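Reading through the structure tokens given below for one structure.
The values are calculated or read from the model by the stated rules, or taken from the named source; none is laboratory data. Quick caveat, the model's predicted, so the values are computed rather than measured. We place every Cβ from the backbone using ideal geometry, glycine too, and count neighbours over all the protein chains shown.
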Amino acid sequence: MRRIFTVLALALAPPLAAADTDLLVAPAHLLAPDDPAWQDLAAGLRAQTAVTADFTENRWFPFKKTPTVLTGEVRVSAGHGLSLHYLDPAGQTVVIDDRGLLVRSASGDTVPPADPRAGAANAALLHVLRFDLRTLADTFAVYGRRTGTAWQLALVPKDADLRRTLGQVAIEGDGTAVRRIELRRSALQRVEILVSPPTSTAAFTADELGRFFRAP
Amino acid sequence: MTLLCRRWFVASLLGAAVLSGAAWLAHLDFPRKISTDVLDLLPAGERSPELALVRTLASDAEARVMLFILTDATGAPAPAGAARLFAAELARRPAFEAALAIDDPAPREALARALFDRRFTLLFPRWLHEREAAHAAGGGDPAHFSAWLAADTAAGLGRFLAQPEALAFQDVIPSDPLLLMPGLVRRLKGGLDLLGPDADASASDAPTRVWARIAVSPLSEEGQAPVFAAIAQAAAATRAAYPGFAAADTGVNRFAAASKARIQHELSWLNALSLAAVLAVALVFIRGAHRALHLVPPVLVATLGAWVGVTAAFSRVHILVFVIGAMLTGVAVDYGFYLYMQAPAHPGEDYWAKVRRLKKPLLSSCFTTVAGFCLLLLSELPLIRQLGLFVGAGLVCALGAAVVYFSLLGNTWLEARPLPAALVPPAGVRRGTRRLLVVLWLAALPGLFLLKWKDDIRELEIPSPALQREDARIRGLFGDRTDRTVYLTYGATPGEARAALARLDVWLAAAGGPHTESVNFGAVVPTAEESASAARFVHDRPDFPARLRTALDAAGFDAAGFGPFFEAYAQYAAHAAGDTLDDTVRELHARLTGPVSLLLHPGPPMAWFVTLAGGAPSAPPPPETQTVSASQLQSLNRIFGEYRRSALRLSLVGLAIVGGGVFLTYGLKDGARIFAIPCGACLGLFGLFGWLGQPLNLFHLLGAYLGVCLTHNYSIFSATSAYRREPPPVSVRLSALCTTASFGALALSGIPVVHALGETVASMVLAALLVIEFEHFAPLAGKP
């Protein structure tokens, strides 16, 4: 049962890889935690305290012929973590922050039981959003490539068990905007989140914080 | 027989009796014989099955749980590794049956695996029942249920995959397209919070917790010192790897050990203080202080006899009997006073002639009191029976020992000091005081209507504020919620208990408000009917797998991807039987570990399910639910209240018998005057308690019972003297003062019930003495 929640937490972790992740995961692209070539990007991402964007999530399952498609709004807050608010099908919001995972629906908030592995995955996710490569390097082998303003990251868990349950995480971006996230366990079992350009970078209002993030 | 031979014979007789008693006590296994278990105060042969249930639960499961909060050198929560190491260290010691770190996912994963492995026998029947209900609600034709079910299942799976939690289940869905496991999580969702504060366990400041169950009862010796030693060893072993590691714990055994230590301490000092108080009174009122020490041997023999009697008659004796039994000292010394302080009828009167002369009041006094205490043997409460025998046997021994012992003395008359004239009030003052007492008594009587009873079994324990604070702190960190109601639903078998649980769920839904939520194993275990219905379905509807394959393909799924499900379904269908529920529940229970294992007990002798409910109805569940609102405390308190009422009835019967004897012996008018002493003292004191608003319990009642027996004797002795135009016998004054002193010592006890007993008896006896001293019996003078 715990693993179920672990997988849930991991599967919902946003940052992800590009279509050619396999090519990226090579020694030539292994990033050092303090690689100076990425510091400007890291600083730019960290400077964004609030981002709102639309997203489309494609879920591929090995037992389904076509992907399941979901759409919604993603909100990233420097202080409150990540919020995925699903609009189609409507009704659920997933929050991942320093305190773990929270699923919010009309019937209330649900917090999965604590799990060290889920906690590690959630923490990793938050570090990705903050572009904290040094901390990420503790858990993942981090690969990266930049082409102009475009960039790609791939995270491969160092722990075999986490690698089995999480697979590889790939993230694509353009400048300070994250454009694509993929959680890939296999070609038939993966989750792809396509993030549209930000609709707002204004600070979240108190109402938005209350609706889309965990109460302090 | 010469005087010397007679003395040798008597001394040998007394010595043989004492040696026999001492030998009996020496051969006893006291740790097994003497109980400190509060539950042993309740009868083993239950009047109600709920008591058996609560006792079993308390002794066998819940009471054996110990909770630990672990910290590091800075006082911050210890790391998870320390918790797992500490739990492993505990678990490998014989004193512990199990131990696990609460935040360790392994046990819950094991439970999930166990449920997944048994999803068809456990979860499928409930799922099928719900789908049948949905089909019927939609007006579906039963003949087409199989086709409808297949299409509905495929559609439901499609909807589920769009939910956030679908990704968590993607590995199990090929084996579970019916969504049995997600359905279970959904059913438990509302109640998970009731199990504890797991929600915040991932926070950096979340406490590090370990749950453990000890191997034996926490109320036994083996469940205390060896367990505490094992904890210390485990903590030391963990500290070697994690310097500064510390473990705070709580458990019933901590309270039991503290209570036992305090009771043993009280046992020592209360008896000593009581004896000292009696001797102090004797020394004040008796000439030749050293000769007053002759009053001690009969009391010691009485105590010995009481111990022998109660340990011979009962397989286990509660330690409180010996604490409360300290009252025996005050009563047992009465016979010594009466016998030893009676002046010879003439110079040189033979001792045995004196005994014959006094045998009537001695025997009537002794056997009236003994009879009163023997009536307690009819009680259903073990403590009261044991107390009745303890005091009854002690009094018989006290009388026998006093008669025999004083025959060994050369001078068998202990002369009292005369009261200084200054201390004897003039007649007018006595008359005025007597009237004042009557006025006070009349003023106290309305207080009887203000009496409040408080039947709280916790009053049997010595309060341990520090332990209680620590217990509340640790249990709070484990998520103990005061707004949570615990129900126990029982039955002879798991199936019977599960059927009752279904009725409880229906009642909770109907009687509870919109905020009522509950969690129990009803979410996991089907009813026998659901189980049988599922078995019939798989036998009667062999077309369902094929229909489901078709429906899955039609809904965009690859039916071949669900091979594990169809294989498992076929195996279930081949062996499904409707009568295996009890075995399935037992198998499931064997796989449960940690706190969740307490939610289910498959028996024998009884099976039960625990339900945790938030916002539960205030009314108790109806009888057909076979459920007790199992705050154990509430149950025990209610049952204790029943026994208090039972004891009250018994006391009133005894009082009627005693009163009847008085009226028959002394006639209506004089009998009323004599009987007014015990009855008046009792009613007046309880009236005073009523005015003071002091809540009373069973032990106030017992104290009043004893007080009535004692003051009844004083009343008769004093009336007898009054008929002879003599003042009340000095032995009555001494006896009453000794009793007041010894019970006053009991009133100093830290145990609320002992305190209640002491203050009641001391107050009643003192009140009776005042009335007697102020010539209540003067109007009897000169009567035949």
- Query: Of A:Ala137, A:Ala141, A:Ala202, which residue is part of a loop (DSSP other than H, G, I, E, B) and either surrounded by fewer than 19 Cβ atoms within 10 Å (Cβ to Cβ) or free of Cβ contacts under 8 Å to residues at least 24 places away in the same chain (or both)?
  - Reply: A:Ala202
- Scan B:Arg724, B:Arg733 and give me the residue that is among the charged types (D, E, K, R) and either buried (at least 24 other Cβ atoms within 10 Å of the Cβ) or free of Cβ contacts under 8 Å to residues at least 24 places away in the same chain (or both). B:Arg724
- Task: Would you confirm whether any residue within segment B:113-136 is over 20 Å from B:His575 (Cα atoms), within 14 Å of chain A (Cβ to nearest Cβ) and either in a loop (DSSP other than H, G, I, E, B) or more than 36 Å from the chain's Cα centre (by Cα) (or both)?
- Result: yes
- Message: Scan segment B:751-759 and tell me whether some residue there is out of contact with any helix residue (DSSP H, G or I) (no Cβ under 8 Å at 6 or more places or on another chain) and over 22 Å from B:Leu395 (Cβ atoms).
- Response: no
- Can you tell me which residue within segment A:161-176, out of those that are small (Gly, Ala, Ser) and more than 14 Å from chain B (Cβ to nearest Cβ), is nearest to A:Asp40 (Cα to Cα)? A:Gly175
- Filtering segment B:518-551 down to residues that are of a type outside the set (Ser, Thr, Tyr) and touching a Pro at 6+ places or on another chain (Cβ under 7 Å), which residue is nearest to B:Asp505 (Cα to Cα)? B:Pro526
- Message: For the structure I just gave you, tell me whether B:Leu442 is modelled with pLDDT of 85 or more, out of contact with any Lys or Arg (no Cβ under 9 Å at 6 or more places or on another chain), surrounded by fewer than 17 Cβ atoms within 10 Å (Cβ to Cβ) and within 30 Å of B:Ala704 (Cβ to Cβ).
- Response: yes
- Task: Would you please name the residue that is surrounded by the most Cβ atoms within 10 Å (Cβ to Cβ), looking only at residues in segment A:81-91 that are farther than 20 Å from A:Ala42 by Cβ and touching an Asp or Glu at 6+ places or on another chain (Cβ under 9 Å)?
- Result: A:Ser83
- Task: Could you run through segment B:664-683 and say how many residues are surrounded by 24 or more Cβ atoms within 10 Å (Cβ to Cβ) and small (Gly, Ala, Ser)?
- Result: 1
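A quick yes/no check of all residues on (1) at pLDDT 80 or above; (2) over 30 Å from A:Gly100 (Cβ atoms); (3) of a type in the set (Lys, Arg):
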| residue | (1), (2), (3) |
| --- | --- |
| B:Ala101 | yes, no, no |
| B:Ala106 | no, no, no |
| B:Ala110 | no, no, no |
| B:Ala114 | yes, no, no |
| B:Thr121 | yes, yes, no |
| B:Pro125 | yes, yes, no |
| B:His135 | yes, yes, no |
| B:Gly139 | yes, yes, no |
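Listed here are the residues, each with its yes/no results for (1) part of a helix (DSSP H, G or I); (2) among the β-branched types (Val, Ile, Thr).
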residue: B:Ile677; (1), (2): yes, yes
residue: B:Ala681; (1), (2): yes, no
residue: B:Ala736; (1), (2): yes, no
residue: B:Ala741; (1), (2): yes, no
residue: B:Ala745; (1), (2): yes, no
residue: B:Ser749; (1), (2): no, no
residue: B:Gly758; (1), (2): yes, no
residue: B:Met764; (1), (2): yes, no
- Of the listed residues (A:Arg214, A:Arg190, A:Arg185, A:Arg179), the one being without any contact (Cβ under 8 Å) to a residue 24 or more places away in the chain and within 14 Å of another protein chain (Cβ to nearest Cβ) is A:Arg185
- May I ask you to list the residues in segment B:149-182 that are away from chain A (no Cβ under 13 Å) and crowded, with 19+ Cβ neighbours inside 10 Å? B:Leu149, B:Ala150, B:Thr153, B:Leu178
- Could you say whether any residue in segment A:172-186 is surrounded by 19 or more Cβ atoms within 10 Å (Cβ to Cβ), under 20 Å from the mean Cα position of the chain (by Cα) and farther than 18 Å from A:Gln152 by Cβ? yes
- Query: Identify, please: which residue in segment A:74-89 is part of a strand (DSSP E or B) and at the interface with chain B (Cβ under 10 Å from one of its Cβ atoms) and is, among those, nearest to A:Phe131 (Cα to Cα)?
  - Reply: A:Leu84
- Reported set for segment B:74-104 where residues are within 11 Å of chain A (Cβ to nearest Cβ) and over 36 Å from the mean Cα position of the chain (by Cα) is B:Pro79, B:Ala80, B:Gly81
- Message: For a quick check of your reading: which helices (runs of 4 or more DSSP H) sit entirely within segment B:502-608 and have at least 1 residues that are within 14 Å of another protein chain (Cβ to nearest Cβ)?
- Response: B:544-554, B:563-575, B:581-591
- Does any residue in segment B:568-589 that is at pLDDT 80 or above come within less than 6 Å, Cβ to Cβ, of a residue that is of a type in the set (Phe, Trp, Tyr) and crowded, with 18+ Cβ neighbours inside 10 Å six or more places away or on a different chain, and which pairs are these? B:Tyr572/B:Phe120
- Query: Which condition number in (1) touching a residue at least 60 places away in the same chain (Cβ under 8 Å); (2) surrounded by fewer than 22 Cβ atoms within 10 Å (Cβ to Cβ); (3) of a type in the set (Asp, Glu) is the one that A:Asp159 fails?
  - Reply: (1)
